[in-house]
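Below is one structure, written out as C-alpha cells; comments come after it.
The values are calculated or read from the model by the stated rules, or taken from the named source; none is laboratory data. From a predicted model like this one, the values you see are computed outputs, not experimental measurements. Cβ: placed from backbone, ideal geometry, glycine included. Neighbour counts: every protein chain shown.
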Ligand code: SF4
C-alpha cells in the first residue's frame with residue numbers, strides 16, 4: 001500500500017491567509033488562529049478574541065498540523081489481505097469497501113442474529129459533530145444491544161448520577177471556577193487537561209485568578225499532580241477510598257449542624273435518609289481508611305460550608321474506581337447540602353446554544369433495559385460497559401438465543417490500549433469473523449479489521465462542539481468552518497455513515513418494531529438524516545435553542561465565537577425529574593451504600609496500588625505519532641515512592657516488572673515523592689509495540705500499556721465503569737529484560 005504524500009507543495013507566490021477555528025482535539029475547545037498557505041498549515045496560535053479561551057493553547061494544538069500531514073495517516077479505504085504477521089493492506093475504492101463491510105456485517109447477522117454484531121466508539125467521536133449527528137442512524141439499523149464506547153472507561157458515574165438526581169445524563173453541574181472562592185479538586189488534574197467534564201481552557205490562568213481574589217484551591221490525590229503542586233493544600237489519599245472521605249464530609253455537615261441548602265430546600269427530598277445512611281462515616285473512621293487525618297476531613301467540610309461560593313469537583317480518578325458512582329453522588333450531595341449547587345461560585349448548569357437536554361426524553365440515560373451476555377452487567381443509555389466486551393466475544397454460546405459477538409464496528413477508537421485487560425481484548429478481536437474500523441490510523445485495534453474506512457481529519461471538516469458547550473465554565477457558541485478543503489476522493493465520517501446506512505437498509509430494511517408514532521418519528525428522523533448535512537441540522541438546533549441563534553449570523557458576525565455570558569442559576573426549572581424535585585437518596589444509591597458500607601469502612605489491604613496519569617502532551621492513546629509531542633525525555637515511566645523503591649532494591653531508571661492479576665509489563669522506574677507510599681503510577685495510552693501497527697513515531701516510543709495491567713473484572717458497582725485506578729500490583733527489578741514490547745502473558 002502506497003503512503004500518501006503530505007499536502008500539495010506551495011510556491012513562493014501562494015498567499016498566506018489567517019483563519020480562525022476552534023481546536024477539537026480535547027474538551028477545552030480553545031480558539032485558534034491559523035496561518036494557511038495553500039493547503040499547508042504554516043502557524044497555529046491562540047485566538048485572543050475567543051470568549052472562552054482568550055488566546056490560550058496547549059502544546060497539543062500543533063498536532064492538528066501533524067495529524068493532517070502524517071504520512072502514516074490512511075487516506076483511502078484499505079482491506080486486509082492475509083492474517084497475522086504476514087497480513088498486508090490493499091487500497092480499494094469506496095464502493096468496494098462499502099460492499100465488503102455490508103456483506104461482512106450481513107453475513108454475521110444472518111448466521112448469528114443482530115446481537116452478534118457489536119459497536120465500539122472511541123473518545124474522538126464526541127469531538128466531531130458530524131459523527132454525533134449521523135452515526136446513530138447506521139448504528140440503529142444494526143439493531144444490536146452490544147454497543148460500547150469510551151464512556152465506560154471514563155465518566156459513566158457522572159452520567160448515572162446526573163440521571164438519578166437531575167433527570168438527564170447531560171445535566172452535570174459545572175464548577176463556576178471563575179467566581180469560586182473554595183475549589184476542592186479530587187482525582188483530577190485540570191492543569192494537564194484544561195478541565196474535563198468542565199471545559200475550562202487556560203486553567204492555569206483561571207487558578208491564578210482564583211488565588212488573586214483570595215480564593216483557595218485544595219487538591220486530594222494519591223499523586224502530587226501539576227494541579228496539586230499549585231494548590232494551597234494537597235492531601236495524599238489512598239487510591240479507591242475517596243467515597244469514604246466524601247461520606248465523612250457529609251457526616252460532619254450533619255454532626256456540626258452545617259446543613260444549609262438555602263433556596264434548594266424548596267425542591268430537595270430525602271435529607272433525613274442521607275443523614276441516617278452516612279451516620280457511621282465519622283471522620284475518625286474515614287481517617288483510618290483514607291490516610292487523611294480526621295481534623296483535616298472536618299476542616300474540608302467546614303470550609304465548603306462556609307464558602308461564599310465553593311464547590312467540590314471530582315473527575316476521572318474518582319469515576320474509575322470500585323465506588324465511582326458513590327463518589328459522584330456524594331459530591332453532588334455535598335454541593336447541595338451546603339447550598340453550593342446552582343449559585344455563583346458553586347456548581348452551575350451551562351446553558352448551551354444547541355441544547356441536547358431540551359430535546360425531550362431521548363438520550364436522557366435510561367438504564368437496566370438489558371444486560372451484558374456473560375456477566376449480566378446492565379446497560380446505561382443504550383451502552384454496555386466495555387470491560388465486558390472481550391468476554392462476550394470469547395465465551396462460547398450457552399445455547400438457545402445466546403450468541404457470542406462475531407463482528408465489530410469500531411469508530412475512532414483503540415480499545416486494545418484504552419480498555420481494561422487490553423491484551424485479552426487483543427486476543428478476542430483476532431477471533432472475530434468480521435471487523436470494520438472507521439479510523440485513519442492502522443493501530444493496535446484496527447490492525448484486526450478486515451476493512452478500514454478512513455475519514456477526513458479535523459482540519460478538513462467544519463465543526464461545532466455539540467457536547468462540550470454543555471459542560472463549559474462559560475456560555476459560548478463557536479462554529480468553525482473547515483480550515484482546509486476536503487481532498488478529492490475523501491469522505492467525512494458522516495458521509496461514510498450515510499453510505500453504510502443506505503446500503504445496510506437496502507439489505508435489511510428499517511426495523512418495524514415499536515408503536516406506530518415511534519416508527520413514524522424514526523422514519524421522519526431518517527429522512528432528515530438522509531437529506532441534511534451536519535451544519536443544516538446544527539442550524540436547526542441553534543434556531544430551536546434557548547438563544548434562537550442563526551448559524552449564518554454566528555458564522556458571519558462571530559468568527560471568534562459568541563459570548564453568551566457567565567453561568568447562571570437555573571434550578572429547578574431545568575430539572576428533568578418528576579415534579580422538578582431532586583431526590584437526594586435515589587433507591588440505587590441507598591442500596592449501594594447499605595451494601596458497601598462495611599467495605600467502605602475497611603482500610604485497604606497492604607500492597608502497591610496502580611493509578612494512571614494524564615500529561616499535557618498526551619491525549620488518550622492517539623497522539624503518539626506526532627514527533628513534536630513525543631520529543632524529550634521518555635514519559636512512559638512507573639512513578640514510585642523512594643521508600644517503596646528502597647524496599648525492593650530498585651534504583652531510578654532501572655527496568656522493573658509490574659504485574660497484576662491479568663498480566664505484566666516492563667517499564668523504567670522513576671523514583672519520586674510525588675506519589676504517596678504504596679502507590680505506583682503509569683500514564684495511559686502507551687503500548688505501541690504490537691506487530692502490524694503502522695505508527696512510525698509511536699512505535700519508536702512504544703512504552704507499556706497500563707491496560708495490560710488493569711483488570712476487566714474490576715468495575716464500579718454502581719455503573720459498570722471500569723475500575724482502572726487502585727489496581728493491586730507487584731513490582732520487582734528486572735535482571736534480564738523480555739525482548740518484546742508486547743504485554744507479558746503470565747499473570748502474577
Ligand atoms: S487544551 Fe485542548 S482544545 Fe486547547 S489547544 Fe490544547 S488540545 Fe486543543
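Candidates 644, 652: the one that is surrounded by 15 or more Cβ atoms within 10 Å (Cβ to Cβ) and over 29 Å from the mean Cα position of the chain (by Cα) is 644. Check whether at least one residue in segment 215-228 is away from the ligand (no atom under 16 Å from the Cβ), out of contact with any helix residue (DSSP H, G or I) (no Cβ under 8 Å at 6 or more places or on another chain) and outside any loop (DSSP other than H, G, I, E, B), and report yes or no. Yes: segment 215-228 contains one or more residues that are away from the ligand (no atom under 16 Å from the Cβ), out of contact with any helix residue (DSSP H, G or I) (no Cβ under 8 Å at 6 or more places or on another chain) and outside any loop (DSSP other than H, G, I, E, B). Of the helices (runs of 4 or more DSSP H) lying entirely inside segment 614-712, those carrying at least 3 residues that are out of contact with any helix residue (DSSP H, G or I) (no Cβ under 9 Å at 6 or more places or on another chain) are 642-648. Counting only helices (runs of 4 or more DSSP H) that sit completely within segment 233-297, those holding 3 or more residues that are touching a strand residue (DSSP E or B) at 6+ places or on another chain (Cβ under 9 Å) and at pLDDT 95 or above correspond to 242-255. Here residue 406 clears all of (1) surrounded by fewer than 24 Cβ atoms within 10 Å (Cβ to Cβ); (2) out of contact with any helix residue (DSSP H, G or I) (no Cβ under 7 Å at 6 or more places or on another chain); (3) touching a residue at least 60 places away in the same chain (Cβ under 8 Å) except the condition numbered (2).
Restricting attention to segment 565-596 and to residues that are out of contact with any helix residue (DSSP H, G or I) (no Cβ under 9 Å at 6 or more places or on another chain) and not in a helix (DSSP H, G or I), the residue that is surrounded by the most Cβ atoms within 10 Å (Cβ to Cβ) turns out to be 567.
Okay, residues lined up against (1) out of contact with any helix residue (DSSP H, G or I) (no Cβ under 8 Å at 6 or more places or on another chain); (2) more than 26 Å from residue 563 (Cβ to Cβ); (3) surrounded by 24 or more Cβ atoms within 10 Å (Cβ to Cβ):
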residue: 331; (1), (2), (3): no, yes, yes
residue: 341; (1), (2), (3): no, no, yes
residue: 347; (1), (2), (3): no, no, yes
residue: 352; (1), (2), (3): no, no, yes
residue: 372; (1), (2), (3): no, yes, no
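Considering segment 57-66, and only residues there that are assigned to a helix (DSSP H, G or I) and within 11 Å of the ligand (Cβ to nearest atom), the residue that is farthest from the chain's Cα centre (by Cα) turns out to be 62. Among the conditions (1) surrounded by fewer than 24 Cβ atoms within 10 Å (Cβ to Cβ); (2) more than 16 Å from the ligand (Cβ to nearest atom); (3) closer than 26 Å to residue 151 by Cα, the only one that residue 231 does not satisfy is (3).
Summed over segment 35-53, the residues that are more than 10 Å from the ligand (Cβ to nearest atom) and either part of a strand (DSSP E or B) or in the same structural domain as residue 192 (by TED's automatic domain parsing) (or both) give a count of 8. Evaluated against (1) closer than 23 Å to residue 456 by Cβ; (2) surrounded by 14 or more Cβ atoms within 10 Å (Cβ to Cβ); (3) modelled with pLDDT of 95 or more, residue 49 falls short on exactly one condition, (1).
The rows are residues; the columns are (1) within 28 Å of the chain's Cα centre (by Cα); (2) modelled with pLDDT under 95.
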{"position": "8", "(1), (2)": "no, yes"}
{"position": "24", "(1), (2)": "yes, yes"}
{"position": "27", "(1), (2)": "yes, yes"}
{"position": "55", "(1), (2)": "yes, no"}
{"position": "80", "(1), (2)": "no, no"}
{"position": "96", "(1), (2)": "no, no"}
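Quick one: is residue 91 more than 21 Å from residue 698 (Cβ to Cβ), at pLDDT 95 or above and away from the ligand (no atom under 16 Å from the Cβ)? Quick ask: steps written out before the conclusion?
Numbers: more than 21 Å from residue 698 (Cβ to Cβ): yes; at pLDDT 95 or above: yes; away from the ligand (no atom under 16 Å from the Cβ): yes.
It is true that residue 91 is more than 21 Å from residue 698 (Cβ to Cβ), at pLDDT 95 or above and away from the ligand (no atom under 16 Å from the Cβ).
Listed here are the residues, each with its yes/no results for (1) within 16 Å of the ligand (Cβ to nearest atom); (2) crowded, with 20+ Cβ neighbours inside 10 Å.
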{"residue": "20", "(1), (2)": "yes, no"}
{"residue": "23", "(1), (2)": "yes, yes"}
{"residue": "55", "(1), (2)": "yes, no"}
{"residue": "104", "(1), (2)": "no, yes"}
{"residue": "127", "(1), (2)": "yes, yes"}
